[in-house]
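Take a look at the structure below.
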Amino acid sequence: MLLTGSIVNAQKTTGLNDILQTIDSANPTAKMYAAQIRSLDEAAKGARSWMPTDFGTGLWMTPYNPKMWQKGENGATGMGQYMLSVQQMFPNRKKQDAEAAYMQGMSASEKERQRFELNQLYAEAKKNYYQWLIQKKKMSVLNENERLLNFMIKDAEIRYKNGLDRLSAYYKAKAELGNILNMKIELENESNQNRIRLNTLMNRDKFYAFDVDTTYTIKDFTSTTIDTTSLSNRSDIRAIDKDIQLTYLQQNTERTKVKPEFGIKYDHMFGFGGIPMQYTVMGMARIPIGKANRASKANVESLRWKSEALYQQRQMLLNEATGMASGMSADIEAKKRQVKLFEENIIPALRKNYQVMQLGYQQNTEQLFTLFDAWDTLNKTQTEYLNQLQQLLSMQVELERILEVK
C-alpha cells in the first residue's frame, strides 16, 4: 500500500489548459486540417498559369514517292516539306483572376472547419477531465466512508462481546463495507478509462500515467449575450459563410468560361528539291457560342440555388444553437442553485446530525442502528451532490461547446 501510494503521488498532475494546448499541437485532426489548408494554398499558386505550349514536327504535304522529293533534271523543284510548328494560347486575364480568387477562398473554409473540429475535441476532453475529477472526489468520500464503517464494525464487535449492544446493524455495516469496496473498484476502472481517452486525445501513449487537478471553476454565463448575432462567429457558421462566398466566386469563374481566348500559331517549313523555306503565322481564337455556353449557364444557375441552400442551412444552425444555448443557460442557473443548497444547507445539516449521533453512540445514548442510518443518509446525499455537480460541469462543457469557449 505504501508503494502504491508513492506511485500515485509521483504521477504528474496535469491541468485542463495543459491538456487543451497539447490537443491543439499534437492531435492528428489539427495536423490533418493544417495539411489540407496548405494543399489548397499551394494549389492556388498555380491559378494564373498559362496553357502549355504545343510543339509539332513532321512532313508537310509530302508525296509518298520519295523520288518526287528531289529536284528534277529540267530544273523543276521537288515536292514536299519538313515542318516545325509551335502554338500558344494566351489565357483570358479576367478568367485567371476569377479562378485565383476561387481557389484562394477554398482554404478559408477549411480553416473554419478546423476550428470547429478542434472545438469538438476540446469539449470531449473537458467532459472526460471533469468526469475523472468527480470520480476522484467520490473516491475520497468512499475512503472516508470505509474508515467510518470500519470504526462502527470494530466498535460494535467490542460492545457485543461486553454485552453492551446488539448485532442488528452490524451485518448491514459489513455489507455496506463490501459495497464500498466494490464501488472503489468500479471508480478506479472508470478513472483509467478517462485517462486512456485523454491520452488518446493528446496523441500519446494510451497508458501514460498522470493525474488531474481536483480544482474546478463554475462559470457565470448570466452576462453572456445569446442571440443570432453573437453566435454568428461560431466556426461552423463562419464555414458556411465562406462556402456561400465560394459559390459566388465559382459563379464568376463559370461566367468567365464564355469569354474568348486568343492564341498564335507559327509554322516553319524546310522545302525539298529546291523549294524555298516557307512559314505561316496564324492568329487563333476560342469563342464559346451556341451549345458551348449552355453548361456554363446551367452551372451558374445551379450555384445560385446552392448558395440559397447554404443560407437556409446557416439559418437552421443559428436557430438550433440559439435555442440550445438559451435552454442550457437556464438549466445551468437552476443546477447552480441546487448544488448551492447541497453545499450550504443539506450536507452540513446531515454531517452535523451524524456527528451528534456519533457522540451519542460513544456516550451509550444512541444505538449502532441509528448511527448507521445517519451515516447512510449522509453518504447517499454526498453521492447525490457529486452527481449533481457532475451534471452542472457537463452542462457547462456543453454550453462552452455551443458558444465555442475554449
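Bear in mind these aren't lab numbers, they're just calculated from the coordinates by the rules spelled out. Values in this document were obtained by computation on a predicted structure and should not be read as measured data. In this analysis, Cβ positions are derived from the backbone assuming ideal geometry, glycine residues included, and neighbour counts consider all displayed protein chains.
Couple of notes before you dig in:
- Residue match in segment 162-179 (condition: among the hydroxyl-bearing types (S, T, Y) and loosely packed, with under 13 Cβ neighbours inside 10 Å): yes
The rows are residues; the columns are (1) closer than 30 Å to E400 by Cβ; (2) among the acidic types (D, E); (3) touching a Phe, Trp or Tyr at 6+ places or on another chain (Cβ under 6 Å).
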{"site": "R234", "(1), (2), (3)": "yes, no, no"}
{"site": "T280", "(1), (2), (3)": "no, no, no"}
{"site": "A285", "(1), (2), (3)": "no, no, yes"}
{"site": "S296", "(1), (2), (3)": "no, no, no"}
{"site": "K306", "(1), (2), (3)": "no, no, no"}
{"site": "M316", "(1), (2), (3)": "yes, no, no"}
{"site": "A330", "(1), (2), (3)": "yes, no, no"}
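- Residue match in segment 50-64 (condition: loosely packed, with under 13 Cβ neighbours inside 10 Å, in contact with a Pro (Cβ under 8 Å, 6 or more places away or on another chain) and among the hydrophobic types (A, V, I, L, M, F, W, C)): yes
- Q87 being farther than 30 Å from I287 by Cβ and either without any contact (Cβ under 8 Å) to a residue 24 or more places away in the chain or surrounded by 13 or more Cβ atoms within 10 Å (Cβ to Cβ) (or both): no
- Filter result for N192 (within 23 Å of T215 (Cβ to Cβ) and without any contact (Cβ under 8 Å) to a residue 24 or more places away in the chain): yes
- Across segment 9-16, not a single residue is classified as outside any strand (DSSP E or B) and farther than 30 Å from T217 by Cα.
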